[in-house]
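Bear in mind these aren't lab numbers, they're just calculated from the coordinates by the rules spelled out. A quick note: this is a predicted structure, and the numbers were derived from the prediction, not measured. Please note: Cβ atoms are built from the backbone with ideal geometry, for glycine as well, and neighbour counts cover all protein chains shown.
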Amino acid sequence: MVSGIASQTAYPSDRSHSTSHLALPALSRGDRHQLQQGEILLETRSHTDWGAGVTARMYLPTERTQIWQALTCYSRWVAFFPDLTHSEVVEDKGHRWKRLHQSASKNFVLFQVNVSLYLKVFETALNDSHLIRFRMEEGNFRDFSADLHLEDWDSGTVLTYSVQATPTVPIPSMLIQQAIRLDLPANLKQMRQCLTQASAIA
């Protein structure tokens, strides 16, 4: 599914451009090298007794505006995340906000979790970055929020995806974090492949 809250500290870029309040943390030399090699940088954290949060970053050798156009076509998200079975804008208030319905199914070791969420989506386009904020209005989570942030970096774009959620089913936070570490890198690589293919066609 989608969602998270963007960090507010400075994120250096190899391009010279102004830093906004949406900018992200500085990267170590090792992290920069990993991004350039196509690796996914992943940080998980606990969130409530049976929730979890994660921040993931990846590099795309594609212009930010092209990625933005593909990401804001929300029906295409089912191609980005294999667990996502439905993604549809059900209300569109133009530049103010959109209402998005998403469904997903996730298999854990001993059981399956089916999720249905209605999310309020806020899109922000600035000169040096783009941000999509997802906030749960209703659904079978106790809480759910996420941000997807795009920023120019090197000769392409860094995408940062941050999400935190607490399911209604009492799953231990450690188990959720382990599932995230196993699944999210592959899902984001799938997203990157779809986005770079879309930009090549465009």
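Cross-link candidates for Lys93: which lysines have Cα within less than 20 Å, leaving aside residues fewer than 8 places away along the same chain? Result set, ordered by chain and number: Lys120.
Rounded, prolate or oblate: which one fits the range 132-187, using the alpha carbon gyration tensor with axes a ≥ b ≥ c (rounded when a/c is under 1.5, else prolate when a/b beats b/c, else oblate)? It comes out oblate by the Cα gyration axes.
If r is the Cβ-Cβ distance from Lys93 to Thr168 and R0 is 22 Å, what FRET efficiency results, to the nearest 0.05?
Calculated value: 0.20.
The fraction of all Cα pairs in the range 29-201 landing in successive 10 Å bins from 0 to the largest distance is 9, 38, 38, 14, 1, given as whole percents. Within the range 131-166, whose backbone N sits under 12 Å from a point 7 Å along Cα→Cβ of Thr124? Residues passing the 12 Å test: 131-134, 147-150.
In plain terms, the residue of Phe122, Phe81, Phe144 with the fewest other Cβ atoms within 10 Å comes first and the most crowded comes last, giving Phe122, Phe81, Phe144. Within the same chain, lysines fewer than 8 places from Lys189 are excluded, and of the rest, those with a Cα less than 25 Å from its Cα are Lys106. Near Asp183, once Lys and Arg are set to +1 and Asp and Glu to -1 for all other residues with Cβ below 10 Å from its Cβ, the sum equals +1.
By the count of neighbouring beta-carbon atoms within 10 Å, fewest first, Cys73, Cys194 end up ordered Cys73, Cys194.
For the pair Arg135 and Asp183, a Förster radius of 25 Å applied to the C-beta separation gives a FRET efficiency near 0.65, rounded to the nearest 0.05. The H on the amide N of Thr85, modeled in the peptide plane, is under 5 Å from the matching H of Ser103, Ala104, Ser105, each at least 5 residues off or on a different chain.
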